[in-house]
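Here is the structure we will look at, set down as C-alpha cells.
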Amino acid sequence: MTTGVEAALRRRAQLFLPANRPERAARAATSGADAVILDLEDSVPVTARAAARSGLATTVTALRAARGDLHVLVRVNSDDELAADVDAAVDAGADGVLVPKVESAARVTEVEHLLDAAEAAAGAAPGTTEVQLLVETPRGLLEVAAIAAAGTRTVAMMLGTEDLAVELEIDPSSPDFDIRWAHGLLLCAARAHGLVPYGLMGGLANFRDLPALEREAQQARAFGYLGSLCIHPAQVPVVRHAFAPTTAEVEHARAVVAALDAAEAAGTSAVQLEGRMIDTPVALRARRLLARAGERPA
C-alpha cells in the first residue's frame, strides 16, 4: 500500500465511522471511501470511549477483512485521553491518526513523540503511522503556518468548520455563511509545507441533501481542496465524483504535457495549445492533475 503525501493526494473521500459501532464496519469498508476514520471523539459518548478504544483492533480487523487494501485512521481525542488513544490506534494496526482541535506546533510534536513511543512498544516499524490534522479554533488558525511546518509525519490538513463556527458565533446553515478567509489561510499553510488540503466550504451535517453536497464539493475543488471528510456512506460517491479529475481534464492535461515536452525537445520552454500559451507552470499543474488521476507522466 502506498503511503505518505503521494497517497494522500489521491484520496478524495474519507469516511467517519464511530469507533463504538463495529457492526457498521463492512458497510463503511465497501462504501468506496478512500479511507475510513474510526472516530473516538465527537461521535462517541465520553462514557463509551474506553470500550471503543479497547475494541479498535477488532474493528480494524473487520474493516480489512471486508477490504484488504483499506486505509484506516483513528480520530483521537485532544484531551487527557490523547496518549491512550494514540497507543490504542498503533496497537490496533491503524495506518494513521487524525488529530482534532490542533492549536499549536507543540501539539503536533507531542503527537509525534507519542507515536514514536507507541510504535516502539508495539514493535511496529518506526515512523510508519501517518498524521492528519484538524484546525478548528481561532487560536489554531492564528498558528496554522507553524502547525503545518511542525511535523515529519503529517500528510494532510483540514478545517473543522462546525467547531470553528461555534467559536466565532456564526451559523453554518445561514445563506450568508462565508469563512473563505479561514479556508484560504489553511490552504496556503498546507500547500506551503507540502501537505494535502481536504475540506468543504460549508458543513457536512445535512447528509441527506446530496445535490447540495455535490455543489459544495465542486466549489471546494475549485477553491483548491483535493477531497473531503464524509459522515455517511451516501456522501462517498458524491464526494469522490466531484473531486475526481474529469475525462476532459485528464485528456487536456496529457495534451499539455506532450506539447511542452515537444517544445522543450525543440529548444523552447513555451508553446501554444488550442489558442493558449503553455509554459512550465501550466505543465506542472497538468502533471499534478495526472498524478491525482493515478497516472505517472514522463
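Would you confirm, using the coordinates I've provided, whether VAL256 is of a type in the set (A, V, I, L, M, F, W, C), at pLDDT below 85 and in contact with a strand residue (DSSP E or B) (Cβ under 6 Å, 6 or more places away or on another chain)? Here the answer is yes, as VAL256 does meet what is asked.
Considered as a group, the residues in region 4-24 that are small (Gly, Ala, Ser) and crowded, with 24+ Cβ neighbours inside 10 Å include one that is nearest to GLU216 (Cα to Cα), and that residue is ALA13.
Selection of region 118-146 for residues being without any contact (Cβ under 8 Å) to a residue 24 or more places away in the chain and assigned to a helix (DSSP H, G or I) yields ALA120, LEU142. Would you check if GLU162 is part of a helix (DSSP H, G or I), under 22 Å from ASP87 (Cα atoms), in the same structural domain as ALA182 (by TED's automatic domain parsing) and within 19 Å of the chain's Cα centre (by Cα)? When the stated conditions are applied, GLU162 does not pass them.
All of (1) over 29 Å from LEU186 (Cα atoms); (2) in the same structural domain as PHE16 (by TED's automatic domain parsing) hold for LEU260 with one exception: (2).
For region 85-117, filtering for residues that are in a helix (DSSP H, G or I) and either at pLDDT below 95 or of a type in the set (A, V, I, L, M) (or both) leaves 11. I'd like to know if region 5-18 contains one or more residues that are without any contact (Cβ under 8 Å) to a residue 12 or more places away in the chain and not acidic (Asp, Glu). Checked against the condition, which is being without any contact (Cβ under 8 Å) to a residue 12 or more places away in the chain and not acidic (Asp, Glu), region 5-18 yields no hits at all. Would you please name the residue that is modelled with the highest pLDDT, looking only at residues in region 196-208 that are assigned to a loop (DSSP other than H, G, I, E, B) and either farther than 18 Å from SER173 by Cα or not aliphatic (A, V, I, L, M) (or both)? Filtering region 196-208 for residues that are assigned to a loop (DSSP other than H, G, I, E, B) and either farther than 18 Å from SER173 by Cα or not aliphatic (A, V, I, L, M) (or both), the one modelled with the highest pLDDT comes out as GLY199.
Each row is one residue, and each column tells you yes or no for (1) crowded, with 20+ Cβ neighbours inside 10 Å; (2) touching a residue at least 24 places away in the same chain (Cβ under 8 Å); (3) closer than 22 Å to VAL155 by Cα; (4) hydroxyl-bearing (Ser, Thr, Tyr).
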| position | (1), (2), (3), (4) |
| --- | --- |
| PRO172 | no, yes, no, no |
| ILE179 | no, no, no, no |
| LEU186 | yes, yes, yes, no |
| ALA190 | yes, yes, yes, no |
| LEU195 | yes, yes, yes, no |
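Considering each residue of region 41-49 in turn, none proves to be in the same structural domain as LEU200 (by TED's automatic domain parsing), part of a strand (DSSP E or B) and touching a Pro at 6+ places or on another chain (Cβ under 6 Å).
Looking at VAL86, VAL99, VAL60, just one residue is within 17 Å of the chain's Cα centre (by Cα) and in the same structural domain as GLY160 (by TED's automatic domain parsing), and that residue is VAL99. Scanning region 145-167 for residues that are in contact with a helix residue (DSSP H, G or I) (Cβ under 8 Å, 6 or more places away or on another chain) and aliphatic (A, V, I, L, M) yields ALA145, ALA146, ILE147, ALA148, ALA149, ALA150, VAL155, ALA156, MET157, MET158, LEU159, LEU164. The helices (runs of 4 or more DSSP H) located wholly in region 209-298 that include 1 or more residues which are within 16 Å of the chain's Cα centre (by Cα) and surrounded by 15 or more Cβ atoms within 10 Å (Cβ to Cβ) occupy 210-223, 235-243, 280-292.
The values are calculated or read from the model by the stated rules, or taken from the named source; none is laboratory data. Please read all numbers here as calculations on a predicted model, not as lab measurements. Neighbour counts are summed over all protein chains in view; Cβ atoms, including those assigned to glycine, are modelled from backbone coordinates with ideal geometry.
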